[in-house]
2 protein chains.
Amino acid sequence: MLSNEGKPMYALKYSDNYIILPSALGFELRGNIKATELDFGKTISKTDSKPSRYFNDHFKVVNIYRDSFDQTWNPVWGEESEIRNHYNELLVDLVHSETSERMSIRFRLYNDGVGFRYEFPGNQNLNYFVIKEELTEFALADDYFAWWLPGDYDTQEYEYVESRISQVPKHFQNAISGNSSQTPFSINGVQTSLLMKTDSGLYVNIHEAALIDYPCMHLLVNPRKKVLVSHLTPDAQGWKGYMQTPCSTPWRTVQVTPSAETMLDSRLILNLNEPCAYDDVSWIHPVKYMGVWWEMISGAGSWAYTSDYPSVKLGKIDYAQAEPNGRHSANNENVRKYIDFASANGFDALLVEGWNIGWEDWADCSKDYVFDFQTPYPDFDLEALNEYARTKGIKLMMHHETSSSVRNYERHMEDAYALMNQYGYDAVKSGYVGDILPRGEHHYGQWMVNHYLHAVTQAARHRIMVNAHEAVRPTGLCRTYPNLIGNESARGTEYQAFGGTQPNHVTILPFTRLNGGPMDFTPGIFQMDLSTFTNNTSKVNATIANQLGLYVTMYSPLQMAADLPRHYAQFMDAFQFIKDVALDWSESRYLQAEPGDYVVIARKAKNSGQWFLGGVTDEQQRTFDLALDFLEPDCNYEATIYRDAPDADYRTNPQAYEIVKQTVSREDIISITAAPGGGFAVSFDALN
Amino acid sequence: MLSNEGKPMYALKYSDNYIILPSALGFELRGNIKATELDFGKTISKTDSKPSRYFNDHFKVVNIYRDSFDQTWNPVWGEESEIRNHYNELLVDLVHSETSERMSIRFRLYNDGVGFRYEFPGNQNLNYFVIKEELTEFALADDYFAWWLPGDYDTQEYEYVESRISQVPKHFQNAISGNSSQTPFSINGVQTSLLMKTDSGLYVNIHEAALIDYPCMHLLVNPRKKVLVSHLTPDAQGWKGYMQTPCSTPWRTVQVTPSAETMLDSRLILNLNEPCAYDDVSWIHPVKYMGVWWEMISGAGSWAYTSDYPSVKLGKIDYAQAEPNGRHSANNENVRKYIDFASANGFDALLVEGWNIGWEDWADCSKDYVFDFQTPYPDFDLEALNEYARTKGIKLMMHHETSSSVRNYERHMEDAYALMNQYGYDAVKSGYVGDILPRGEHHYGQWMVNHYLHAVTQAARHRIMVNAHEAVRPTGLCRTYPNLIGNESARGTEYQAFGGTQPNHVTILPFTRLNGGPMDFTPGIFQMDLSTFTNNTSKVNATIANQLGLYVTMYSPLQMAADLPRHYAQFMDAFQFIKDVALDWSESRYLQAEPGDYVVIARKAKNSGQWFLGGVTDEQQRTFDLALDFLEPDCNYEATIYRDAPDADYRTNPQAYEIVKQTVSREDIISITAAPGGGFAVSFDALN
């Protein structure tokens, strides 16, 4: 609809009640740049009028198209094997009454929400333009309760704040914790996906889908009006999006569901992404992995090989002559031990961080040539270890920490991927720690959004799967590019070694961070007291049963068992669940959930048909009565239940669990109690 | 020396007279960034104290070393085959009395000036640091007369202003003309190499040598004190240089000579660069070339293939289906004609611009994926034309216009160079028109300085020679990287088609722009009235004899005959000089020169030993009496003199020339009159 001034507006109702009140749409654009060939014949001239102009009113409707769509598609991997994409579409073609510039707005209305995007047709007055700001409003019908992260151009690695939307500015400063790169831009800023709840019990989630070559969207809260307005990540000069028609923005999404469980069941974000871009996906597969990683994160080992140098210039020093620091974890002997353990327990892969030269001074130096991604340390025999892993039936997983020196990464990318092909690596964990080079660009700006996808598509040419850490938050692109098997893009388990994370964190992530795609959360910590093996005083705020539950509640085709082999060796009966649990599913059932409190999910493995169940709670002890009606009819199962011991508590007794087996069928209801910071996991083995 | 406050100072005298009065040295640095490993064991923390601090006082002298050096080296190509590098060296090791940070200053004193640089040893308190500004002063002993270009972060393509140094601010605004990317930063700013003249007749030139991974230096004029102070090109955030010890700055140079001719003979800049970095230089050679270029620059043809599209997305449109615009110069038929003409006249190569898709909207759109450097237009048969050229004994020269979308260029660079190898191209003209992407970076900042050299060294891996236009001004790097056979980096002949350039321009460039390395000036225009073949009303401000003289006065191993074959065909007797003139020299004699007025040079060809002579004048008619005492003894020569006709004038009669032959020997003095905007050229053929 258009206001009297020709302002495009929209609103969203659920069962006749406004969820989003009439809200404005549009842009503020930079003054046009002359888009024609430089007039070399006469004199060099350039028109670059910097003042901005509003592009959110004086529109007329030219055409309205309506359509509907109903198709079921099969993801390469996912929470279910079939996803129904069913929507009614409304396309409104607009023309600006003064400039004759054309813009369309496409709405797709689903049972669980709406997605809309701006489209700019080609062959018109508007060829190139620069977005100063997107002015998409989300006028909330009330002061919704929200689970929010403080808005930031460079990190998502915060803990959630629970408050009314109007209270965001009040709590903002306290929500900021330290990070290697962070740019909180306004005390009114929040991140998406933003989960909210109405007083009538509806769940509302604002996010975006298919973020490609466009800056990531944040939301600015107007606390008095309860209006959220889009705020795009700027470039080094403060401009947002550089656009060439024909083009469109990502989808802006509002999911609305009557319950928390149905919110978890929403596939709206994936549905708004394009189908798979690859003809051949045979090389893409789920990966269960261990890693030479937690021992460095916890402080027991180091990525760096030597302490000889206060700073390192690659190619200018001879590591073979350097004194080893004695703490370098990625050494042949240690890696072989991990390979042995991972192989013996059926894992697919072993990540090794710190294998390549440069870790002595990699972080926060604005260092351009920080890594070459190709040269191993003297004590890491690239060829021999890969061969050893091969004989043991597993793969090594490559690690490319870029230190956010992105030009350097792109300069070496082709050779680095070729090296992976040479030695048989088929997956890479990449990282973007620290401030972005080129300086002034942000992790979530258009420049970097372009890069992340470039890295994924270039990897696909080499049949390599990508798990990017510190990259922009996922928006469902894994549908189109399923070799993007994981992302971090939120506060992961590593923070349990950086001072800890509250137990409720994992009860919120499935609604927010996972809305856009899987997270490499790296669960599975069994030794919660890091001081037992390091001088790190951090405690992991979880029980062992909680850690097991995460393998089901935190969906990912890429799952890590993050702890050290020797810690698992102490609890092999509990470790059995990690060995057994599937990674890819034909069905998922969201049994009980409330953000910030608990999440319980059952899933059916795609190939075996085996059911698994997992649950986590926050700092409260909770008892769940769980109907097993998802199980197949006429079948009995042996349920192996991994649960907190009665005296378990994440603060005082995190390793107390018990494993019980009982015969169950779909008629049964089982009752499981999760300790504070606890959880549970169940595997079901069909008996007949 | 150090002042009482521990400020490092220097001064320069010539024959007991101060050229540079005592002048301060040092830096303003950004507050240190913590350079150690992130403390992952406990909590993520980053120390990034932004305030700056001065690093130009409180120094103590720790050591002073003196040395001398005298060695003769042979450039791969050049104005002479042997260059003597003879200097006395003074190295002063300093330590900061408060921070214990160490810095050294190395001076090299030559007969024709001084070079000095800052060096930062490794293994000390200072590992990583960020330069906010370099504070190198050049306190002039008087208000020198100067030939200067207005300071700019993005272009050097201005005309020179002649004034006293104190008058720079007054003339600055008038010195600015339009450019596709320009950032004049201060009315007190001037570029280097800055040529000056003292009232006592000494010539003084301030420049820099060996600019590697550091921002290009400009100079800020204090008009009252006559002090020049360094001003580095900033990055997007305003910082200048990101440094890691051990490291050093480029050399800051002050050349001082008793005459203009000896200034042209100075090799100080080359001598301060490192020796050749390549073991094998057999693939590097001088190139005389023509180009499918002037017809587009003048407006007679176009780089673009079609006018069908207001904007183009590579890979999204099918050029085979597009309507040709009928003006596309890089078409098979036209290119073959150029090949035929260039081959018949003994050229080595033919440049073809506009051969690759994307020229429909390449400029000034902040367009990331603007070219792929690999896909030809439908009417350019890459394989067939290269094969045709091969059968004709010449090579095609590749063209890579980047439109300053530098990430995009680097993403395609390897494939683009490989394509050149595949088809036999051994030289590329690259271009950086328009504002830099990443946005906020400048043509002369550290980010781009790093890129230009990256492009050159990557090209070397493919045995490719580079001629980069719009890149940073040369600082003698061609000694170290002799595949950098050319640069533009100044106002070239193209501006004669953009409204014109004053005749005195070419009498200044040899002292300034060419001080750092050869220029692809693209001389050789014979048809001065562009309206005879275009609707361009620009006039080329030169006579034909002037254009011939440039092949000797503007030294370059890469020389173009820039005009159209059909224009040369009208004057084949004059064209003979372009065919004959050598590109590489064993000796050069700077016979008569005064910046802004005239330059006359004689050179001896490296292999044949043949002598050539060339001269150019400004808008004044001048008669030169030239002693031929450079010729070999006991030998007579037939001198072929290409000179302006008596009635020639660049304004009214630019094509009037005469060619006379006379027998001469080293005892002779010949008298030649150059018309206003004119010049002359002479080739000497030994008769016995």
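The values are calculated or read from the model by the stated rules, or taken from the named source; none is laboratory data. Computed from a prediction, not measured in an experiment: that's the story for all the values here. With ideal geometry, Cβ positions are generated from the backbone for all residues, glycine too; neighbour counts draw on all protein chains shown. The accessibility values were calculated without ligands, DNA or RNA, using every heavy atom of the protein model including side chains. Shrake-Rupley method; radii C 1.70, N 1.55, O 1.52, S 1.80 Å.
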Exercise. Obtain the radius of gyration and the Kirkwood radius of region B:625-685 from its C-alpha atoms and give Rg over Rh.
Key: 1.05
Quiz item: Considering only the label points, 7 Å along Cα→Cβ from Cα, what distances in nm to one decimal separate residue A:66 from the same position in each other copy, shortest first?
Solution: 9.6
Quiz item: Just which residues of region A:377-413 lose 30 Å² or more accessible area with every protein chain there, against their chain alone, with the probe set to 1.4 Å?
Solution: A:407, A:410, A:411
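FRET efficiency for residue A:321 and residue B:282, Cβ-Cβ distance as r, R0 = 45 Å, nearest 0.05?
Numbers: r = 34 Å, r/R0 = 0.77.
With R0 = 45 Å, the Cβ-Cβ based efficiency is 0.85.
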Practice problem: Find the centroid of the Cα atoms in region B:259-309 and in region A:533-602, then give the distance between the two in whole Å. | Solution: 63 Å
Quiz item: Among B:222, B:433, A:460, which residue has its Cα positioned farthest towards the positive end of the charge dipole of the protein assembly as shown, with +1 placed on the Cβ of Lys and Arg, -1 on the Cβ of Asp and Glu, and the dipole taken about the Cα centre?
Solution: B:222
Quiz item: Under the Karplus relation 6.51 cos²θ - 1.76 cosθ + 1.60, θ = phi - 60°, what is the ordered set of whole-Hz ³J(HN,Hα) values for region A:191-200, x standing for Gly and Pro?
Solution: 8, 10, 6, 9, 8, 9, 9, 8, 5, 8
Quiz item: Inter-copy label distances at residue B:246, 7 Å along the Cα→beta-carbon direction, one decimal in nm, shortest first?
Solution: 6.0
Quiz prompt | Label point distance in nm, residue A:73-residue B:635, each placed 7 Å from Cα along Cα→Cβ | solution = 7.8 nm
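Provide, as a two-decimal number, the C-alpha radius of gyration of region A:155-283 over 2.2 N^0.38 Å, N being how many residues it has. Each step should come with its number before you reach the end.
Details: Rg = 16.9 Å, N = 129, 2.2 N^0.38 = 13.9 Å.
Working it through for region A:155-283, the quotient is 1.21.
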Self-check item: residue A:384-residue A:15 pseudo-label distance in nm [points 7 Å out on the Cα-to-Cβ vector]
Solution: 6.8 nm
Quiz item: Expressed in whole Å with the largest first, what are the equivalent ellipsoid semi-axes of the protein assembly as shown derived from the C-alpha gyration tensor as the square root of 5 times each eigenvalue?
Solution: 64, 35, 28
Quiz item: At a probe radius of 1.4 Å, what is the per-residue accessible area of residue A:531, in Å² to the nearest 10?
Solution: 60 Å²
Quiz prompt | Interatomic Cα distance distribution for region B:97-136, bins of 10 angstrom, percent | solution = 22, 47, 23, 8
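If I compute solvent accessible area with a 1.4 Å probe over the protein chains, what percent of it on region B:355-458 is carbon and sulfur?
Working: 1200 of 2630 Å².
Here carbon and sulfur together make up 46 percent of the probe-accessible area.
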Quiz prompt | Farthest toward positive dipole pole in region A:142-195 [+1 Lys/Arg, -1 Asp/Glu at C-beta], among A:171, A:190, A:147 | solution = A:171
Quiz item: How crowded by other chains is B:498-504, given as the mean number of beta carbons from other chains within 10 Å of each beta carbon?
Solution: 2
Quiz item: For chains B and A, what's the summed buried accessible area, probe 1.4 Å, to the nearest 100 square angstrom?
Solution: 5800 Å²
Exercise. Starting from the Cα gyration tensor of chain A, take the square roots of the eigenvalues, sort them a ≥ b ≥ c, and report rounded, prolate or oblate (rounded when a/c is under 1.5, otherwise prolate if a/b is larger than b/c, else oblate).
Key: oblate
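Using 25 Å as the Cα-Cα cut-off, could you pick out the over-long pairs in B:337/B:395; A:132/A:367; A:132/B:313?
Over 25 Å Cα-Cα: A:132/A:367.
By its C-alpha gyration tensor, with a ≥ b ≥ c as the square roots of the eigenvalues, how is region B:400-488 shaped: rounded for a/c under 1.5, else prolate for a/b larger than b/c, else oblate? Please list the in-between numbers first.
Values: a/c = 1.95, a/b = 1.26, b/c = 1.55.
Oblate shape, in that a/c is at least 1.5 and b/c is the bigger or equal ratio.
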Quiz prompt | For region A:105-122, Karplus couplings with θ = phi - 60° (6.51, -1.76, 1.60), whole Hz, Gly/Pro x | solution = 10, 10, 10, 10, 9, 10, 5, 10, x, 9, x, 9, 8, 8, 10, 10, x, x
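If you roll a 1.4 angstrom probe over the protein chains with everything in place, what fraction of the accessible area of region A:113-198 belongs to carbon and sulfur, to the nearest %? Let's see the in-between values first.
Values: 1020 of 2410 Å².
In region A:113-198, the share of accessible area belonging to carbon and sulfur is 42 percent.
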Quiz item: Residues with amide H under 5 Å of residue B:351's amide H, sequence separation 5 or more or different chain, H placed in the peptide plane at 1.01 Å from N; which?
Solution: B:290, B:291, B:292, B:397
Self-check item: Gap separating the Cα centres of region A:124-168 and region B:427-474, nearest whole Å
Solution: 39 Å
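Would you mind telling me the share, in percent, of accessible area of region A:621-688 contributed by carbon and sulfur at probe 1.4 angstrom?
C and S fraction of accessible area: 41 percent.
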Quiz item: Out of every Cα pair in region B:524-674, what percent are spaced more than 29 Å from each other?
Solution: 15 percent
Self-check item: Nonlocal amide H pairs with residue A:248, under 5 Å, H built at 1.01 Å
Solution: A:120
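Given a 1.4 angstrom probe, what's the average accessible area per residue across region A:91-202, in square angstrom? Let's see the in-between values first.
On the way: 3590 Å² over 112 residues.
Using a 1.4 Å probe on heavy atoms only, each residue of region A:91-202 averages 32 Å².
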Exercise. Please tell me which of these pairs span more than 28 angstrom C-alpha to C-alpha: A:240/B:429; B:13/B:225; A:316/B:240; B:288/B:539?
Key: A:240/B:429
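Roughly how many Å² is the accessible area per residue of region B:274-341, as a whole number, for a 1.4 Å probe? Don't jump to the answer; show the numbers that get you there.
Numbers: 2910 Å² over 68 residues.
About 43 Å² of surface per residue is accessible.
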Quiz item: Accessible area of residue A:245, 1.4 Å probe, to the nearest 10 Å²?
Solution: 0 Å²
Exercise. With unit charges on the beta carbon (Lys/Arg positive, Asp/Glu negative), name the residue among B:485, B:352, B:652 whose Cα is farthest towards the positive pole of the charge dipole of chain B.
Key: B:485
Quiz item: Using modelled backbone amide H atoms (1.01 Å from N, in-plane), which distant-in-sequence or interchain residues come within less than 5 Å of residue A:136's amide H?
Solution: A:26, A:230
Quiz item: When you count, for each residue, the other Cβ atoms within 10 Å and take the mean per peptide, how do B:412-418, A:662-668 rank with the highest first?
Solution: B:412-418, A:662-668
Exercise. Compute the distance in nm between two label points, each set 7 Å from the Cα along the Cα-to-Cβ direction, one at residue A:529 and one at residue A:62.
Key: 7.1 nm
Self-check item: For residue A:264, solvent-accessible area (1.4 Å; no DNA, RNA or ligand), Å²
Solution: 10 Å²
Quiz prompt | Exam field: residue B:532 pseudo-label spacings to other copies (7 Å along Cα-Cβ), nanometres | solution = 9.3
Self-check item: Chain-alone versus full-assembly comparison, region A:106-149, residues with accessible loss of at least 20 Å² (1.4 Å probe)
Solution: A:123, A:127, A:128
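Just tell me how shielded A:427-439 is by partners: mean number of partner chain Cβ atoms within 10 Å of each residue's Cβ, no decimals.
Other-chain Cβ atoms within 10 Å of each residue's Cβ, averaged: 3.
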Exercise. Give the peptides B:638-648, A:230-240 in descending order of average Cβ contacts within 10 Å, highest first.
Key: A:230-240, B:638-648
